[in-house]
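Worksheet for the structure shown next.
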Amino acid sequence: MSTISTHILDTARGTPARGIRVTLQRSAGLDQWDDLAMGSTNADGRIPDFVPKDVTLIEGIYRMRFDVSAYFSEHKTKSFYPYIEVVFELGNEGHYHVPLLLSPWGYSTYRGS
């Protein structure tokens, strides 16, 4: 069975990004998405037990939506992105770690381990 996790680091502040709401969705066809999991990052920038144990992750197209506007507002920082969506393809069994390196004017992501 596959698993998914995330970790958000604020590269401008040099700290984990706490309090960012993240939603995991699976594609249900053209421009249709089913919500699977939702949570907010902790002080370490992670969401422990992000995907509930009763949710089975199957092969397909997934999307993680990072709602970053409230985070930047809380830090009184102007930013370019109100939210960031990362779309990726889940294959066979394995762990998929989708980290987000965040700054007010850009971001980077990759498949981690």
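Throughout, read-outs are computed from the coordinates displayed, never taken from laboratory work. The structure presented is a predicted model; accordingly, all values stated were derived computationally and were not measured.
The Cα-based radius of gyration of segment 3-109, divided by its Kirkwood radius, gives an Rg/Rh of 0.97. Panel note: the C-alpha atoms of segment 54-113, placed on their principal axes, show extents of 41, 22, 15 Å (largest first).
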